[in-house]
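I have placed the structure first, in the form of structure tokens, so that the comments after it can refer back to it.
Taken together, the values in this text are just the output of simple stated rules run on the coordinates, not laboratory data. No experiment lies behind these values; they were computed from the predicted model shown. Cβ atoms come from the backbone with ideal geometry, glycine included; neighbour counts cover every protein chain shown.
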Amino acid sequence: MPQEIVEQALTDWKTADIPERTRAALHLLQYLTKHPLELNKPFIADLRTHGLDNHAMEEVANVGFHFNFINRLADTFSFDHLNKEQEAFHTKMLNRTTRLLRNTPPKPSWIKDTDGQIRPIELARARQTLLSAPGEIPPSLRQAIEAFVVTQWGHTRPPAQPVPQELISCLQKLAFSAYKITDDDIAALKTAGYNDDAIYEIAVAGAFGAAIVGVERLFGILYGDNMSMDTMA
């Protein structure tokens, strides 16, 4: 993608002089991030009219997941965000990497997981590890945290153990507005008995839950019971 297109898209993708296929991809990215449960079949059908096939939408979902996951961790722990020049550079590198890998996607790229949700294979594996591996906090608590954040968006999860009361405020911020998490929030968790490693695991489980909602919604539409002809090709 030419650098001038990247710069225009970063300024205002809705009005920028960019290819309609690029605008459609950015529109999907916005919905994955801000309105995941508003994704539906008519919306996806409209994206197809602008040149996005299933593989392209999977690529957008991959970018969206990492953007939402990493940004929430950055906000939680007050990491520095990229400036406009860094964003442009990393977007260019991601584009180049995507072109190199485009011909070697896994087949199939998705799996119907044990809870019935359809996920990209890599994220299903990562989720399994995240929610079951030994850690500072028990896997059952990580499962509860991920489920709590997912259900904050109105998405579904099998019943899990209740989230401890002292985590709820922080997790609600993490779900929607992680930038609102303050040093006082982190200090309160420490006062409640959570050390740095435990707080990190709490944040990772919560950020993963928030980031995967849109991906699950999209993959459910693309590869659910009523699969599109694009899927069957």
Estimated FRET transfer efficiency when R0 is 22 angstrom, pair residue 114-residue 37 (beta carbons, to 0.05): 0.50
Footprinting exposure proxy for 179, 194 (fewest neighbouring C-beta atoms within 10 Å first): 179, 194
Length released on extending from residue 46 to residue 30, taking residue separation times 0.36 nm less the Cα-Cα span: 4.3 nm
Karplus-derived HN-Hα couplings along region 193-204 (A = 6.51, B = -1.76, C = 1.60, θ = phi - 60°), whole Hz, x at Gly and Pro: x, 8, 8, 4, 5, 5, 5, 4, 5, 4, 5, 5
In Hz, Karplus ³J(HN,Hα) per residue of region 177-183 (6.51, -1.76, 1.60; θ = phi - 60°; x = Gly, Pro): 9, 4, 5, 7, 5, 10, 4
Violating pairs (Cα-Cα greater than 32 angstrom) within the set 34/107; 112/180; 107/173; 34/112: 112/180; 107/173
